[in-house]
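*Asks:* Just passing along the structure, written as structure tokens.
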Amino acid sequence: MRLFIDTGSVAEVEEVAAWGVLSGATTNPTLLAKEQGDPGDILRRICDLVDGPVSAEVVSGDSGGMVEEGRALAALHDHVIVKVPFSRAGLAATRELTSHGHRVNMTLVFSASQALLAAEAGATYVSCFMGRLDDIGVDSTAVLEEIVGALRPGAVTAQVLAASLRHPMHATIAARLGCEVATVPGKVLEQMLVHPLTEAGVERFGTDWRARPEFGAWLEELVRSSKVALS
Ligand code: G3P
């Protein structure tokens, strides 16, 4: 499963992109509305940083407006994926955009039947919101499992994108269910880094190595001579 970052913050993308784990990013109107500056500049900078698909969402309610906005957003950068909210108009806009070569992430999908419609309209990504399902007492794992199960047998090319992730377990569940992508907020990516045994292990290795200063000197020399050999 590939990991995207779910954010409108260039600084957050910059931080996490440096870890080498990001394959793309997703934004939405709420996330971008929190940021200062020109949204186009923000989207282009995120595209350059992740060097992969970056979803930018349309806000029109009618399919014609969605298509116009989608085309304009796609023209910002080759990496832009047009994010279209699920609705009758959204499906029509998805069909129109994809038939002209634009890639679409159909968002706000909460059931397998919606996912089937999104896939048939030509969406590249079908975004199911785990956290928002859990918020209303619906088991997001069961819904996501049904979506993955519904799309796979029909040789549908749409990829299932787990969104609205609130904690690391959502990401693990999405991976185990076979989702192609999970889009994860920076805070949850930070939480995914942490395990007390990792920290304790690093501390222990450092202490043991420092107890043998001559080994430290040996490693420094090894690094120095390998740099000389490579130069
Ligand atoms: O980008 C869409 C989605 O991930 C939003 O998440 O936390 O606002 O439900 P959330």
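*Asks:* Explain nothing, just compute: Karplus ³J(HN,Hα) = 6.51 cos²θ - 1.76 cosθ + 1.60, θ = phi - 60°, for every residue of region 180-194 in order, whole Hz, x for Gly and Pro.
*Replies:* Result, rounded to whole Hz: 6, 9, 10, 9, 10, x, x, 4, 6, 4, 4, 5, 5, 6, 8.
*Asks:* Could you tell me what a quarter of the Cα convex hull surface of the chain works out to, in nm² with one decimal place?
*Replies:* Numbers: hull surface 67.6 nm².
Hull-based average projected area comes out at 16.9 nm².
*Asks:* Something else now. Sorted by packing (mean other beta-carbon atoms within 10 Å per residue), highest first, where do 108-117, 28-37, 76-85, 168-177 land? Walk me through the numbers on the way to the answer.
*Replies:* Values: 108-117: 19.7, 28-37: 12.8, 76-85: 21.6, 168-177: 17.7.
In descending order of packing, they fall as 76-85, 108-117, 168-177, 28-37.
*Asks:* Hey, got the dipole for the chain? About the Cα centre, +1 on K and R Cβ, -1 on D and E Cβ, debye to the nearest 20? Before the final figure, lay out the partial values.
*Replies:* Numbers: 19 positive and 29 negative charges, 71 e Å.
That gives a dipole near 340 debye.
*Asks:* Sorting check: for 139-150, 14-25, which peptide has the highest mean count of neighbouring beta carbons within 10 Å, and how do the rest follow? Could you put the intermediate results ahead of the total?
*Replies:* Details: 139-150: 17.9, 14-25: 16.2.
Taking the mean over residues of other Cβ atoms within 10 Å, the ranking is 139-150, 14-25.
*Asks:* On to the next question. Net charge around ILE5, counting only other residues with Cβ within less than 10 Å of its Cβ (Lys, Arg = +1; Asp, Glu = -1)? Working shown, then result.
*Replies:* Working: positive: none; negative: ASP6, GLU12, GLU15.
So the surrounding residues net to -3.
*Asks:* What distance in nm lies between label points placed 7 Å from Cα along the C-beta direction at HIS167 and GLU220?
*Replies:* Each label point lies 7 Å from its Cα, and together they span 4.6 nm.
*Asks:* With everything on Cα atoms, drop me the angle between helix 196-210 and the longest principal axis of the chain, reported from 0 to 90° to the nearest 10.
*Replies:* 30
*Asks:* Taking the Cβ of LYS187 as the center, what net charge do the other residues with Cβ under 11 Å away carry, scoring Lys and Arg +1 and Asp and Glu -1?
*Replies:* Working: positive: ARG166; negative: ASP6, GLU12, GLU190.
Net charge in that neighbourhood comes out at -2.
*Asks:* Relative to the longest principal axis of the C-alpha atoms of the chain, give the angle of the C-alpha long axis of helix 88-99, reported between 0 and 90° and rounded to the nearest 10°.
*Replies:* Here the helix axis deviates by roughly 70 degrees.
*Asks:* Just to confirm the number: angle between the C-alpha axis of helix 168-177 and the first principal axis of the chain, 0 to 90 degrees, nearest 10?
*Replies:* 70
*Asks:* Same structure again: Dipole of region 1-123, Cα-centred, from +1 at each Lys and Arg C-beta and -1 at each Asp and Glu C-beta, to the nearest 20 debye? Kindly include the intermediate steps, with their values, before the conclusion.
*Replies:* Numbers: 9 positive and 16 negative charges, 81 e Å.
The calculated dipole for region 1-123 is roughly 380 debye.
*Asks:* Could you tell me the distance between the Cα centroids of region 122-156 and region 76-103, to the nearest Å?
*Replies:* Each part's Cα centre sits 19 Å from the other's.
*Asks:* To make sure I understand the rule: partners must be lysines, Cα under 17 Å from the Cα of LYS187, and not fewer than 8 residues away in the same chain. Which ones qualify?
*Replies:* LYS34
*Asks:* Follow-up. How charged is the neighbourhood of TYR125? Take every other residue with its Cβ under 9 Å from the Cβ of TYR125, and add Lys/Arg as +1 and Asp/Glu as -1.
*Replies:* Values: positive: LYS83, ARG103; negative: GLU180.
Computed value for this residue: +1.
Read-outs: derived from the displayed coordinates by stated rules, not from any lab. Bear in mind that the values here come from a model prediction, so they are computed numbers and not experimental data. Glycine also receives a Cβ, built like all others from the backbone with ideal geometry; neighbour counts cover every protein chain displayed.
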